[in-house]
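Quick notes on the structure that follows.
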Amino acid sequence: MSAFAHVVHAEWTKFRTVRGWVAGMVAAALLLVVFALLAGVSSDQKGAPPVPIGPDGGPVTDSFYFVHRPLTGDGAITASVPALKSSIPADPEHLRPGTVPWAKAGLIVKESTRPGARYAAIMVTGGHGVRMQDGYVHDTAGPAGVSARLLRLERSGDAITGYASADGAHWTKVGTVHLRGLGPTAQGGLFVASPPSVQGMGTSGSVSTAAFGNLRVQGHWAPGDWTGGQVGAESPGFAGYPANTSGAFTESGGRFTVTGAGDMAPAVRETLPTGGTLGEILTGTFAALIAVIVVAALSVTTEYRSGLVRVTLAAGPGRSRVLAAKAIVLGAVAFVAGLVGAAVAVPLGLHLAEANGVYVFPVTAATEVRVVLGVAALLATVSVLALSAGAVFRHSAGAVTTVVVAVVLPYILMAIPFMPASVSTWLARVTPGAAFAVLQTLVPYHQVASIYTPYEGYYPLAPWAGFAVLAGYAMGALAVAAVLLHRRDA
Amino acid sequence: MPCVRPCQIPGSSRVAAAATGPEPGAAYNLRHESNCELALSAPGIVVAGLRKRYGTVLALDGMSFSVRPGQVTGFVGPNGAGKSTTMRVILGLDAVEEGTALIGGLPYRGLRHPLHHVGSLLDAAAPHPGRSGRNHLLWLAHSQGLDVRRVDRVIEQAGLAPAARRKAGGYSLGMRQRLGIAAALLGDPPVVLLDEPFNGMDPDGIVWMRGLLRSLASEGRAVLVSSHLMGEMQHTADHLVVAGRGRAIADASVAELIAAASRGNGATLEDVYLRLTREAVEFRTGTSTEDRK
């Protein structure tokens, strides 16, 4: 073995022979599990309406006002949308006109009226022009630069093609989508959706009314009247209509006026507040970090308090090597504690959530592995940061306080609901707390206006980018510790 | 680092007028001696011209002496004379502004597995209170590539067996000294350096310690033992280095010191020591290096 291997071996022996330190690391792992347990048993949503699931397995919001007729086989529908007006609550009793950028009015072909069913739609929006959307998560922009108000949707088998036109003479194809498994009979017609309006740190339900003209249908539409109704009125992602409003449609002389609320979109945290996340199951990460910080800082500061550091450095005069050996041992132990704790906590938390009827935003197996490894890496890196602070301060209270303030305090501040988004986003970018991004499993959608803050589970940095911020701090602190360890007398 | 090292050849010490010199510091201050080569290749410790300052306090001011193999060298002097600082410098723990401290001709920081070359006891072993004495020795052994057999051997040698598996936090000072001795002997080193090993020892322990130090020297090891009490050294050391005001103010064999003492009006060894260190004692009223702990 090399001399460095001997130093690492010695530091490992040192670590494992102090019962309190081993207990502290075991406690870190247990805290992850205990918080998962608490999160699991404290929430009970048995009997809550099911969350609509989209074609790709993700949770969706599927609530809108639908004016429809069955379409059995191929066909087409054309209409103009000369007006789309939205209203936002000015106070609980009154509405005022406002802009809802993703308010939608247009034509749709949908497998059925069941929430979560496949669809393709072409629409005008409150602020984003003509769009063609399908499968809840797909969004295609229509022709830019022209105020296209004429829309057309054609069905041919399972292929749905959307067109837009400004004058009725020149049509631009926006896109074609295939609705796999679409049966012969689908529901087609007009729709209006009006997602919640983002106002400051919250959202409030909006309602929109669209005027439709020149409605023409071709092909195999069922004869008879148009049927109006709210899709997904009971679904958990639907906040309902503002006071004194409701979904409705009227027809007079070929002109339709449709009022609707809700959205057809992937569910985000704000629209599905009852949904849990992997990050919430791993809330114990911050507590585990505190345990790791205390153990890591004490493992070096106690050496200064007792004078043991002189024995250590007399046995290993290569001071950088001693510091590196300590970092390797602590980092490895913290990594294992995080890995074991998170690997137990995640399935346990998911199981309890399922048993209690709590919907958890689904993640792929790869994401689950990434989150568990992320927690382990977070604990390991913070242990190196705390070790370095211990070597710099040579004082337990100073080292522990500094690292807790640097790492855990930003997380706690980010967890305050009324923290301004600018502040929490800043904290999640520049402080070591940015590394909590490893817990995120939610992704923001450009076509859903919502509140994407760390509090809601959305971090400004990608998981490993956030982790890299912490790693930068840890490496910097380790370098400072190494320099000071060399310069100062032991 | 000075190109000419003031150094002391083992055995060439002087004690002229130890009891009568009006300026003990000047009388015993070592000057540049010839034949440094011999000292550099010697297996013991060679300390040459150490200077170190803590703020405005000059802790070491030209400390020079050497420690020969096969002898117990007592390192005495009042608190604040620079004994502990010198020992930390020898072990590469504290840096100096000037001077060198070599072990077998090498600086401590150049030693790969240093406990095979030098065993040391500082701060009464300073074990972590939550770790057993045996585990304290075990990690030290691992750091030197040694195994548990060596640990059990030195536990026996230091008389630590009954307490070895107890947490060091419950040890008496005497027990911690024994643990420190065990640690110092772990690598079976040719050089042993002990800072105040008699502190906290009960009478039995003191007798045991004396015997141990004598036997280490008789095995051919170079043994440096610091103490602030002359009495402890009288029956233990072959050679004495008296520190005062940051330098060696006397460097002589015990026999020579006693001979010098008997020449001056029936003074005792204690008197010699007190006279030698008188100015250093006054010096102690400033910030003492011992207080840093």
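Relative to the isolated chain, which residues of the stretch A:310-358 have their accessible area cut by 20 Å² or more in the presence of all protein chains (1.4 Å probe, heavy atoms, no ligands or nucleic acids)? Correct list: A:ARG310, A:VAL311, A:ALA314, A:ALA315, A:PRO317, A:ARG319. Accessible area per residue (1.4 Å probe, heavy atoms of protein chains only) ranks A:THR113, A:THR271 as A:THR113, A:THR271, with the largest value leading.
The mean sequence separation of alpha-carbon pairs under 8 Å and at least six residues apart, normalised by the residue count of chain A, gives a relative contact order of 20 percent. For the protein assembly as shown, the per residue solvent-accessible surface stands at 39 Å², with DNA, RNA and ligands left out and a 1.4 Å probe.
Look at where the Cα atoms of the stretch A:1-74 and of the stretch A:248-325 average out, and the two centres are 11 Å apart. Rounded to the nearest 10 square angstrom, A:TYR473 shows an accessible area of 100 square angstrom against a 1.4 Å probe.
Within chain A, the selection of entire DSSP H helices by a Cα span of 30 Å or greater along the long axis and an average Kyte-Doolittle value of at least 0.0 returns A:19-42, A:285-306, A:319-355, A:365-393, A:463-487.
About its Cα centre, the stretch A:284-416 has a charge dipole of approximately 640 debye under the convention of +1 per Lys or Arg Cβ and -1 per Asp or Glu Cβ, with nothing else charged. Basic side chains Lys and Arg get +1 at the Cβ, acidic Asp and Glu get -1 at the Cβ, and with that the dipole of the stretch A:87-150 about its Cα centre reaches some 200 debye.
For the protein assembly as shown, taking Cα atoms only, Rg and Dmax work out to 40.4, 137 Å respectively.
So, with a 1.4 angstrom probe, what is the percent of accessible area on the protein assembly as shown that is carbon and sulfur? The value for the protein assembly as shown is 59 percent carbon and sulfur by accessible area. From the Kirkwood radius over Cα pairs of the stretch A:60-266, Stokes-Einstein at 37 °C and 0.692 mPa s returns a whole-number translational diffusion coefficient of 196 µm²/s. Computed with every protein chain present, the accessible area of A:MET25 is close to 10 Å² [probe 1.4 Å].
Give me the count of lysine pairs in the protein assembly as shown whose alpha carbons sit under 15 angstrom apart, restricted to pairs 8 or more positions apart or on different chains.
Value for the protein assembly as shown: 5.
Excluding A:GLY157 itself, calculate the net charge of residues whose Cβ lies under 13 Å from the Cβ of A:GLY157, where each Lys or Arg counts +1 and each Asp or Glu counts -1. Let's see the in-between values first.
On the way: positive: A:ARG155, A:ARG180; negative: A:ASP74, A:GLU154, A:ASP158.
Computed value for this residue: -1.
Each 5 Å bin, from zero up to the one with the longest distance, holds this percent of the alpha carbon pairs of the stretch A:1-160: 2, 7, 10, 12, 11, 10, 8, 5, 5, 5, 5, 5, 5, 5, 4, 2, 0. Buried between B and A is an accessible area of approximately 2600 Å², summed over both sides with a 1.4 Å probe.
Once you reduce the stretch B:239-259 and the stretch A:342-376 to the center of their Cα atoms, the two points are 73 Å from each other. Rounded to two decimals, the Cα radius of gyration of the stretch B:127-188 over 2.2 N^0.38 Å is 0.96.
Loop sites here are GluC sites (Glu not before Pro) outside DSSP states H, G, I, E and B with no more than 16 other Cβ atoms within 10 Å. The longest part of chain A free of them is A:235-490.
The values are calculated or read from the model by the stated rules, or taken from the named source; none is laboratory data. This one's a predicted model, so the numbers in the text were calculated from it and none came from an experiment. With ideal geometry, Cβ positions are generated from the backbone for all residues, glycine too; neighbour counts draw on all protein chains shown. Just the protein is used for accessible areas: all its heavy atoms, side chains included, with ligands, DNA and RNA removed. Shrake-Rupley method; radii C 1.70, N 1.55, O 1.52, S 1.80 Å.
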